[in-house]
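The values are calculated or read from the model by the stated rules, or taken from the named source; none is laboratory data. Please read all numbers here as calculations on a predicted model, not as lab measurements. Methodologically, a virtual Cβ is constructed for each residue, glycine included, from the backbone with ideal geometry; neighbour enumeration extends over all protein chains shown. These area figures cover heavy atoms from the full protein model, side chains too; ligands, DNA and RNA do not enter into them. Shrake-Rupley method; radii C 1.70, N 1.55, O 1.52, S 1.80 Å.
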Amino acid sequence: ARNLKVLVAAGVSLPRSLKILSEQAKSKKLRKALLEIREEIIKGKSFSESLESYSDVFSELFVNMIRVGEETGTLEDVLGVLTRQIEKDHQLKSKIKGAMVYPAVIIFAMAVIGALMLVLVVPKLAEVFEEMDIELPATTKMIIAFGSFLSNYWYLIPTIFLVIVFLARFCLKTKIGKMIFDTAILKMPIINSIVIKTNSAYTTRTLSSLISAGVPIVRSLEIVSRSLTNVHYKRAIANSAEEVRKGAKLAETFSQYSKIYPNLIIQMMQVGEETGETSEILKKLSDFFEEEVINATKNLSTIIEPVLMLIIGGVVAFFAISMIQPIYGMMGSL
């Protein structure tokens, strides 16, 4: 989008621009799409019509904004708006993923070390306890049984893991599974705050981009609804589009969903509608919520570290006490 904007501003024809972009593209899929779109444009199709055939590469937001740019003769400006939109989305996703890397690495390392302890250490201790013929506590028996199972059937672990991943992905693709998951993350402490702020940032940013590009408000809401991933937000925006189509004001429709959209959005939308500056106010709101997401992810990292340390400490203590307790019991009976 950024490079195409530069080429269009320089007066390079669209087919030539797409040829240049295809040569720069690292992705084979993108390169192929750009070359095929170029051929369709040469045959007489519009740019937006050609893009529609490649929905797996170009989002509905991208296609609709390009269409508006063609119709109004402001393709260069629209590409500038698109560039900022895509960059902001990428930055937001990167921040969230970055916050999840640390706990994911710690949990993975803990699981690997725990599995090695159960497979290599526990069976040897179990042999010692068996030779001593001592009564073992229930927790020790449980760990030994689990360790023996892993030692004998370790090859089942990857299979079980893959089955769990497959079932989780399958469930998330069903309506009921997706509904349960989306409802659950909106009720989780700390996580729900990030989910609300992230969706608020994406909604306001995308709406602002579409409205500033000249897309009608109802159409803009429909596009936003289809681009959101959380079921509750998709439904809220789709219903808002219907209400606005019937004549309701944007702020009024959003006020029905105060549980998932902060009151600040509703209040600022009212100001935007009264002043005719809805697009600009939505842009400022998106900047605010994106900053809030960044702060929330930083706080999450700060909270997760001591929580993980407590969990690891608890697991190590449970393991140590369970395995050392029989030895102390035996020494006490001497």
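Taking 0.36 nm per residue of separation and subtracting the Cα-Cα distance, full extension of the segment from K246 to T229 would add 3.6 nm. So if we plug the beta-carbon distance of A320 and K173 into 1/(1 + (r/R0)^6) with R0 = 41 Å, what FRET efficiency do we get, rounded to 0.05? Efficiency, from the Cβ-Cβ distance: 0.45. Between the alpha-carbon centres of the range 136-179 and the range 268-321 there is a gap of 31 Å.
Heavy-atom accessible area with a 1.4 Å probe sorts K283, K246, largest first, into K246, K283.
With an a/c value of 1.5 or above and a/b larger than b/c for the gyration tensor axes a ≥ b ≥ c computed over the alpha-carbon atoms, the range 109-182 is described as prolate.
Is the range 265-334 best put as rounded, prolate or oblate by its Cα gyration tensor, with a ≥ b ≥ c the root eigenvalues, rounded for a/c under 1.5, and otherwise prolate when a/b is larger than b/c, oblate when not? Cα axes put the range 265-334 in the prolate bin. Set the Cα radius of gyration of the range 151-248 against 2.2 N^0.38 Å, with N its number of residues, and you get 1.49. What do you get when you divide the Cα radius of gyration of the range 204-334 by 2.2 N^0.38 Å, with N the number of residues? Normalised Rg, Cα atoms only: 1.81.
Measuring only protein heavy atoms, the 1.4 Å probe finds V315 accessible over about 80 Å². The count of lysine pairs in the range 1-151 with alpha-carbon distances below 19 Å, taking only pairs 8 or more places apart or on different chains, stands at 12. Relative contact order of the chain, taken over Cα pairs closer than 8 Å and 6 or more residues apart, is 18 percent. Pairwise Cα distances in the chain exceed 36 Å for 43 percent of all pairs.
Compared with the dominant principal axis of the Cα atoms in the chain, helix 156-173 is inclined by about 30°.
Computing FRET efficiency as 1/(1 + (r/R0)^6) for K187 and L308, where r is the C-beta to C-beta distance and R0 is 22 Å, gives about 0.50. Rolling a 1.4 Å probe across all protein chains gives R219 an accessible area of roughly 80 Å². Among H232, H90, the order of accessible area from largest down is H90, H232, computed with a 1.4 Å probe on protein heavy atoms. The equivalent ellipsoid that matches the C-alpha gyration tensor of the range 26-127 spans semi-axes of 51, 18, 8 angstrom, in descending order. Translational diffusion of the range 241-299, estimated by Stokes-Einstein from the Kirkwood radius over alpha carbon pairs at 37 °C in a medium of 0.692 mPa s, is 266 µm² per second. Treating r as the C-beta distance of M142 and V163 and R0 as 35 Å, the FRET efficiency rounds to 0.90. In a fully extended conformation the segment linking E39 and S151 would gain 34.3 nm over its present Cα-Cα distance, using 0.36 nm per residue. Counting only protein heavy atoms and using a 1.4 Å probe, the accessible area of Y257 comes to about 50 Å².
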